[in-house]
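The values are calculated or read from the model by the stated rules, or taken from the named source; none is laboratory data. This one's a predicted model, so the numbers in the text were calculated from it and none came from an experiment. Don't worry about glycine lacking a Cβ; one is built from the backbone with ideal geometry, like all the others, and counts go over all protein chains shown. Just the protein is used for accessible areas: all its heavy atoms, side chains included, with ligands, DNA and RNA removed. Shrake-Rupley method; radii C 1.70, N 1.55, O 1.52, S 1.80 Å.
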Amino acid sequence: DVTRLLLWDVDRTLLVGGGVGVEAYAAAFTAVTGLEWVGSLVAAGRTDLSITPELFAQHGIADHTPYLGAFFARYADEFAARGDAMAAHGRVLPGVPEVLAALHADPGVVQTLVTGNIAAVGVAKVAAFGLDRFFDTRIGGYGDDHPVRSELVGRARERAEAVHGPFADGDVLVIGDTVLDVGAALAAGVVAVGVATGPSTTQELAAAGAHHVLEDLSDVAATIALLSG
């Protein structure tokens, strides 16, 4: 029986993308609006549905909603066209493949993604490095599900429970690199595991209320023991 649900952030938790996502986003924006891309925004820990209205507003588009469906579809296409560049310019973070493989082999554990990326892009990012085989991406929570990150945790849990039955709160773990990941886990009433491979330090992750804080995933055995329970 599956008793443990692991909800992984993607960017700066599992991998570093090498700027490919921003290139794809900018190309999609110009393709859909006809405007030159001049936007800039700190995306770490945020969802594409919360970022996109601000970026459109930076370009003088007050109401982004008429563009949204076409924009996300084009963004997914632009990103897919850059999969090779992602593999060339990005990298997987230390310990990640070993940890994911071991947990994937544990019949009591299911792993999926909770990411601010739209689903197509979040899945493409892990696929660029061959990590997609470790995740059931159908039960994840994504940046095109809802603007609020804690809602993504709830969506993923609902989807997972529809397949696997209920999980105890203490057996649902969010693993992420920002204080926003930690906050989303706490707001959803589940366990927050902070990894200091992104913008937030170990001290900041702990201060945000993370139940566990790791420098990175390079101590594979300890990480597996923590996440598998």
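Values for this structure:
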item	result
Test set (1) open to solvent by 30 Å² or more (accessible area, probe 1.4 Å); (2) farther than 30 Å from Asp219 by Cβ; (3) assigned to a helix (DSSP H, G or I); (4) at pLDDT below 95 - Ala62 fails condition number	(3)
Single residue of the stretch 1-34 satisfying the filter (in a strand (DSSP E or B) and open to solvent by less than 30 Å² (accessible area, probe 1.4 Å)) that is nearest to Glu78 (Cα to Cα)	Leu15
Residue among Phe134, Phe129 that alone is open to solvent by less than 20 Å² (accessible area, probe 1.4 Å), among the aromatic types (Phe, Trp, Tyr) and either over 12 Å from the mean Cα position of the chain (by Cα) or under 18 Å from Leu173 (Cα atoms) (or both)	Phe134
Pairs, first within 14 Å of Ala26 (Cβ to Cβ) in the stretch 64-80, second surrounded by 15 or more Cβ atoms within 10 Å (Cβ to Cβ) and hydroxyl-bearing (Ser, Thr, Tyr), C-beta under 6 Å, six or more apart	Tyr75/Tyr25
Considering residues of the stretch 35-59 that are polar (S, T, N, Q) and open to solvent by 70 Å² or more (accessible area, probe 1.4 Å) only, the residue nearest to Asp9 (Cα to Cα)	Ser40
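Let's see how each residue does on (1) of a type in the set (Val, Ile, Thr); (2) open to solvent by less than 40 Å² (accessible area, probe 1.4 Å); (3) farther than 27 Å from Gly18 by Cβ:
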position	(1), (2), (3)
Lys125	no, yes, no
Gly141	no, yes, no
Gly154	no, yes, yes
Gly170	no, no, yes
Val179	yes, no, no
